[in-house]
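The values are calculated or read from the model by the stated rules, or taken from the named source; none is laboratory data. Here the structure is a predicted model, which is why all the values come from computation and not from measurement. Cβ sites come from the backbone with ideal geometry, for glycine too, and all protein chains shown count toward neighbours. The area values use the complete protein model at the heavy-atom level, side chains included, leaving out ligands, DNA and RNA. Shrake-Rupley method; radii C 1.70, N 1.55, O 1.52, S 1.80 Å.
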Amino acid sequence: MPLATSSTCDNKNVSQTFTEQKYAVLRKSGTALVLPWLSLMAISGLTFFFYGRLPEVLHQQILFASAGVLALVLWLLPSLRFLTNRYEITSNRVVARSGFLGRKQSSVSWGEITGVSLTRGFLGLITRSGKIHLHREFGVDLVLARVPKAKTLSRELERFLMMRT
């Protein structure tokens, strides 16, 4: 996608065009949705278990209302958060977008990155996911959390970083 920038300096109009190619758009590993789905199944199972056992209509309505609120908090919000968080790797930078509408954005240009490291826990070893740390020369590192195929991706990022220098 070509991006054009222009600026005026000393009554001269300078125009510059550069292209930024998207190499990859990543999301967190799908294992992030296991707990929300398990909680949804538990909430619905308990709701239907207790539905016929409550004598009053008011109690049944309270049961459904509380089940709806729990499903909203424990299933819908984490699922929406999973779907709206993404990482974009382009030819010029790495962008981490988060928030319910993708409004929070952190980006690091390839010139700022000094190294790439990978950390994985036991569950990360099983699911082949992990945290990729993009170390900046100055400032806070950009962390790509729960990235699928993290070992392969970190090797590719290191190789791309070495090609750019």
Quiz item: Tell me, what is the per residue accessible area of the chain in Å², probe radius 1.4 Å?
Solution: 69 Å²
Quiz prompt | Largest to smallest accessible area among 59, 135 [probe 1.4 Å] | solution = 59, 135
Quiz item: Using r as the Cβ-Cβ distance of residue 135 and residue 104, and R0 as 22 Å, what FRET efficiency do you calculate, to the nearest 0.05?
Solution: 0.55
Quiz item: Given a 1.4 Å probe and every protein chain left where it sits, what share in percent of the accessible area of the range 93-165 is carbon and sulfur?
Solution: 55 percent
Exercise. With mean projected area of the Cα convex hull in nm² defined as stated, name the option among (i) 10.7; (ii) 15.0; (iii) 8.5 computed from the structure displayed.
Key: (ii)
